[in-house]
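Input: a single structure, listed below in structure tokens.
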Amino acid sequence: MAIVTKLSITPPAPFDFEFSAYSHGWVVVAPNSWDEEFHKLQRVERLSSGKVVFLEINSSGSVTKPKISIDVNHTGKLSVKAQSEIKAAVALMFRFEEDFSEFYTMCEKRGKPWNRMTAGLGRMLRSPTVFEDVIKTICTTNIQWGGTKRMVEGLVDVLGQSYPADRNLRAFPTPKAMAEAVLETFTDTVRLGYRGDYIYTLAQRVASGELDLEALRDEAIPTPELKKELLAIKGVGNYAAATLLMLLGRYDELAVDTVFRTFVSNKYFAGERPSDDEAKEIYTPWGKWKYLAYWFDLWQGLDEEL
């Protein structure tokens with residue numbers, strides 16, 4: 001039988017919970033889901049102890065006085081250490097440590113519609129670990145969104161650890177669980193295609209300690225050097241590296257893909273196809289905030305379901 005432990009954390013103001021949760025596709029990629037009726041982000045989380053819990057995360061405050069409530073569904077005792085780990089994970093997912101004041105100032109100066117961003121927007125949802133973000137990003141390459149969701153769901157279903165109160169709910173698999181599988185699990189069972197080898201190799205490197213992905217969060221690493229380290233990961237090209245830089249809190253680079261090219265072409269070049277350099281030039285005035293500016297620009301006209 002599940003027990004519910006209620007936790008709460010306070011984000012930096014201003015903070016728009018729903019926009020932040022739904023600002024990036026990860027909100028509907030396993031083991032995340034979005035409860036439309038109650039406006040909750042749901043997630044199955046495996047803690048460092050190996051305990052698996054089911055989180056229901058929502059807002060219990062306002063934009064100017066924000067508060068996030070976390071209902072932790074679990075079996076057995078939930079230690080103080082586990083509670084702290086959960087709160088730290090959620091804070092990291094919502095980027096509590098990032099300061100958007102400079103970006104908000106730029107948006108305010110530009111007026112409508114950019115000044116909407118200053119009402120606590122801009123915190124794009126990410127995963128609690130860099131490993132999960134890298135795997136998911138690799139699964140976005142050269143495939144439509146439905147395929148990405150299918151592949152990640154397959155990884156979770158086949159290799160993720162179950163939540164004891166509902167065996168159908170599983171956490172994102174650990175590097176160790178992936179590394180102990182065989183390559184055919186990724187290529188044939190989960191059907192990752194060419195990505196199977198990349199993800200299997202990455203899991204082995206992380207599980208063995210050869211590669212420390214969490215070290216990439218170090219703010220002291222210059223962005224160009226960080227990009228090189230990301231590009232050194234098999235399966236990460238320029239598009240994936242730019243996406244991962246964003247997930248690591250670096251907005252200097254633009255993730256140039258079909259969506260980017262089509263959007264910029266239609267909005268700024270009357271349907272004519274510019275070169276990638278010409279397209280990227282549109283966001284040059286935003287400096288180190290280029291990715292956020294592009295994403296909000298795109299998001300305003302996005303009406304499809306995640």
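What follows draws every value from the coordinates through simple rules; no lab data is involved. Everything numeric in this text was worked out from a predicted model, so none of it was measured. Using ideal geometry, Cβ is built from the backbone for each residue, glycine included, and neighbour counts are taken over all protein chains shown.
Please compute the modelled spin-label separation between Trp34 and Arg110, points set 7 Å along Cα→Cβ, answer in nm with one decimal.
2.2
With +1 on the Cβ of every Lys and Arg and -1 on the Cβ of every Asp and Glu, and nothing else charged, how large is the dipole of segment 1-65 about its Cα centre, in debye rounded to the nearest 20?
340
Give the aspartates and glutamates whose C-alpha is closer than 16 Å to that of Lys77, dropping any in the same chain fewer than 8 places away, or say none.
Filter leaves Glu45, Glu85.
Please work out the FRET efficiency for the pair Asn238 and Val80, using the Cβ-Cβ distance as r and a Förster radius of 51 Å; give the result to the nearest 0.05.
Step by step, r from the Cβ atoms, then E = 0.70.
Which ordering of Trp26, Trp295 is given by a fewest-first count of other beta-carbon atoms within 10 Å?
Trp295, Trp26
Output the relative contact order of the chain, whole-number percent, from Cα pairs under 8 angstrom with separation of 6+ residues.
Averaging sequence separation for qualifying contacts and normalising by length gives 15 percent for the chain.
Using a 10 Å cut-off on Cβ atoms, rank the peptides 44-50, 10-16 from the highest mean neighbour count down.
Top to bottom by mean Cβ count within 10 Å: 10-16, 44-50.
So what's the back-of-envelope 222 nm ellipticity for the chain, counting only DSSP H runs of four-plus at -39500 (n - 2.57) apiece and dividing by all residues, rounded to 500?
-11500 deg cm²/dmol
Which one of Trp26, Pro128, Leu47 has its Cα pushed farthest toward the positive end of the charge dipole of the chain, where Lys and Arg give +1 and Asp and Glu give -1 at the Cβ?
Leu47
Using a simple spin-label model with points 7 Å from Cα along the Cα→Cβ vector, what separation in nm is obtained for Ser208 and Arg273?
4.2
Positive end of the charge dipole of segment 258-299 (Lys, Arg +1 and Asp, Glu -1 on Cβ, about the Cα centre): tell me which of Tyr291, Val264, Pro274 has its Cα farthest that way.
Comparing the listed Cα positions along the dipole, Tyr291 ranks first.
Order these peptides, 243-253, 171-181, by their mean beta-carbon neighbour count within 10 angstrom, highest first.
Packing order, densest peptide first, comes out as 243-253, 171-181.
With 10 angstrom as the radius, rank Arg123, Arg217 by how many other C-beta atoms surround their C-beta, starting from the fewest.
Arg217, Arg123
Only Lys, Arg, Asp and Glu count, each charged at its Cβ (+1, +1, -1, -1), so figure out the dipole size of the chain about its Cα centre, rounded to 20 debye.
So the magnitude is around 520 debye.
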